[in-house]
Amino acid sequence: NLVLVNNEEEKKQFRKLNKQGKVMVVLGAVDLEKIKKFKAHHKNFLKSYDLVFQGRFHPQKGVLELIDIWKKVTQKKPDGRLAMIGDGPLMERVKGKVKSEKLEKNVKFFGWVFDGPKKYSIFSKSKVVAHPSFYDSGGMAAAEAMAFGLPCVGFDLKSYQSYYPKGMLKVKRGDLEVFAKQIVKLLNNTKYRKKIGKEG
């Protein structure tokens, strides 16, 4: 009776059904009530992490490229810290790359962390969220962090035009240099960082 898709762009794949009004966008969601309650009871976190990533350690999510990006950021901010939430088939390769790039002191792995106080405290202690997916239908991992007022940097994917019209600085897909520069820009300018975070 209906085809459910994740964003406006995906509706175009079902031309005939879309003309008949049989394609519906079902957006992902973040539990803002839970987050509001947490924030009301937990204030004044020290910012321990400059950057946070949440997602599957999978080629789609750009996790190996994120280490390249982070290497570029640490050249400008040698004491920068990256929090990585998640796990997946690329975990060992990511850890190997962190070691080979001598970034062990700059990256902390948390593994899978479910919604709730532990994850929320990591977001609260972070300044910026990275979402370097190469293809995506929505990307709710970024939305959850953005609910904590974190600005996001991601690649300019079509699905993000409707999902993230604000709050995400979009970079040409695959441009790791500019991706790193946008992170550094946010880290160096607290007022700008808060402005983009508030938009999110």
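The values are calculated or read from the model by the stated rules, or taken from the named source; none is laboratory data. Since the model is a prediction, treat every value here as computed from it, not as a measurement. Here Cβ is always computed from backbone atoms with ideal geometry, including for glycine, and neighbour counts include all displayed protein chains. Surface areas here come from the heavy atoms of the whole protein model, side chains and all, with no ligands, DNA or RNA. Shrake-Rupley method; radii C 1.70, N 1.55, O 1.52, S 1.80 Å.
Just a few scattered comments:
- Chymotrypsin sites (Phe, Trp or Tyr not before Pro) restricted to region 120-200 and DSSP loop, no more than 16 other C-beta within 10 Å: 134, 135
- Cut-off of 10 Å, at most 16 other beta carbons, DSSP loop: longest stretch of the chain lacking such trypsin sites (Lys or Arg not before Pro): 48-101
- Measuring nothing but how far apart in sequence close Cα pairs (under 8 Å, 6+ apart) lie, relative to its length, region 70-198 scores a relative contact order of 23 percent.
- Whole-Å semi-axes of the ellipsoid equivalent to region 90-196 (Cα gyration tensor, √5λ, descending): 21, 18, 16
- Of all the options 52, 98, 26, the one that moves most in a Gaussian network model of the chain with Cα springs shorter than 10 angstrom is 26.
- Heavy-atom accessible surface of the chain: percent carbon and sulfur, 1.4 Å: 51
- Among beta bridges identified by DSSP and lying wholly in the chain, the antiparallel ones come to about 0 percent.
- For region 18-28, backbone phi angles converted through the Karplus equation (6.51, -1.76, 1.60; θ = phi - 60°) give residue-by-residue couplings of 5, 4, 7, x, 9, 10, 10, 7, 10, 6, x Hz, Gly and Pro being listed as x.
- Accessible area (Å², per residue) of region 63-181, counting only protein heavy atoms and a probe of 1.4 Å: 45
- Equivalent ellipsoid of the chain: semi-axes from √(5λ) of the C-alpha gyration tensor, largest first, are 29, 20, 16 Å.
- R0 of 41 Å, Cβ-Cβ distance residue 41-residue 109: FRET efficiency to nearest 0.05: 0.90
- Part-to-part distance (alpha-carbon centres) for region 1-49 and region 131-200, which is given in Å: 16
- In order along region 77-89, the Karplus-derived 3J(HN,Hα) couplings, from 6.51 cos²θ - 1.76 cosθ + 1.60 at θ = phi - 60°, round to 10, x, 9, x, 10, 10, 9, 10, 9, x, 7, x, x Hz, and Gly and Pro are given as x.
- Dividing the C-alpha radius of gyration of region 40-102 by 2.2 N^0.38 Å, with N its residue count, gives 1.25.
- Karplus-derived HN-Hα couplings along region 149-166 (A = 6.51, B = -1.76, C = 1.60, θ = phi - 60°), whole Hz, x at Gly and Pro: x, 8, x, 10, 10, x, 6, 7, 9, 4, 5, 6, 4, 8, 6, 10, x, 9
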